[in-house]
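Peer 1: I am attaching a structure below and will ask some questions about it afterwards.
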Amino acid sequence: MWAPLAFVVLSASLTLVLFPGPLLAGASGLLFGTALGFPLSLTAAVLGASLAFLIARFAAHDAVERRAGARVRRLRDAIGRRGFLAVLYARIVPGVPYSLVNYAAGLAPIRLATFAAATALGAAPRAFAYTALGGSLDDLSSPEAIVAVAVLIVMAVGGLIALRLTRSGSGAGTSSPASPTAGPP
């Protein structure tokens, strides 16, 4: 009866110490099946990410703000202006470490509610996929496992496209602040 709650608490705690989220989501699928495991995985991921965000915000935000150079301030301001989308992109683009985003976002001028919402939306597809894979370990040819792999492929391709569009500055005709072609501030 207490296992789901214990899983969420343990998983959120492990997120704080940089434990890989896909393993946690897979474990929830293995332990609880996809139907219960997915909401548990997503809840634990958002809770752990939010706790890391708050730790960074309260432990280092002021120190970083005082010591930040102009370049860091511009980057923080750009992330703050984009808030929800910045976090969402970081969640869907492959190769961006979730743990790094959790702590770094706490140093940026983003509201916790905005961070949590973007994290929930951006993490949901992968949390589902890894949970479904964990729940399908006994039959990786099941429809559930096939859908999970398809979701991961779509997320990877979509994330790469989003990254490419962001780096090229397409659509707006300007380059992004992180782009090597961006002009002086």
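Peer 1: Looking at segment 19-33, I want the residues that are under 12 Å from Ala44 (Cα atoms) and have a partner that is among the charged types (D, E, K, R) and in a helix (DSSP H, G or I) with Cβ atoms under 7 Å, at least 6 apart or on another chain. Which pairs are those?
Peer 2: Nothing qualifies.
Peer 1: May I ask you to verify whether Pro185 is modelled with pLDDT under 85, in contact with a Pro (Cβ under 9 Å, 6 or more places away or on another chain) and not in a helix (DSSP H, G or I)?
Peer 2: Numbers: modelled with pLDDT under 85: yes; in contact with a Pro (Cβ under 9 Å, 6 or more places away or on another chain): yes; not in a helix (DSSP H, G or I): yes.
It is true that Pro185 is modelled with pLDDT under 85, in contact with a Pro (Cβ under 9 Å, 6 or more places away or on another chain) and not in a helix (DSSP H, G or I).
Peer 1: Being in contact with an Asp or Glu (Cβ under 8 Å, 6 or more places away or on another chain), of a type outside the set (S, T, N, Q), crowded, with 17+ Cβ neighbours inside 10 Å and under 30 Å from Leu54 (Cα atoms): is that true of Ala105 here?
Peer 2: Numbers: in contact with an Asp or Glu (Cβ under 8 Å, 6 or more places away or on another chain): no; of a type outside the set (S, T, N, Q): yes; crowded, with 17+ Cβ neighbours inside 10 Å: yes; under 30 Å from Leu54 (Cα atoms): yes.
The answer is no for Ala105.
Peer 1: Please list, ordered by first then second residue, the pairs with beta carbon atoms under 7 Å, 6 or more apart or interchain, first in segment 90-110 and within 17 Å of Leu23 (Cα to Cα), second open to solvent by 50 Å² or more (accessible area, probe 1.4 Å).
Peer 2: Pro94/Leu160; Ser99/Leu18
The values are calculated or read from the model by the stated rules, or taken from the named source; none is laboratory data. Every value quoted in this text rests on a predicted model; they were computed, and no experiment measured them. All Cβ positions, glycine included, derive from the backbone under ideal geometry; neighbour counts span all protein chains shown. SASA here: full protein model, heavy atoms, side chains in, ligands and nucleic acids out. Shrake-Rupley method; radii C 1.70, N 1.55, O 1.52, S 1.80 Å.
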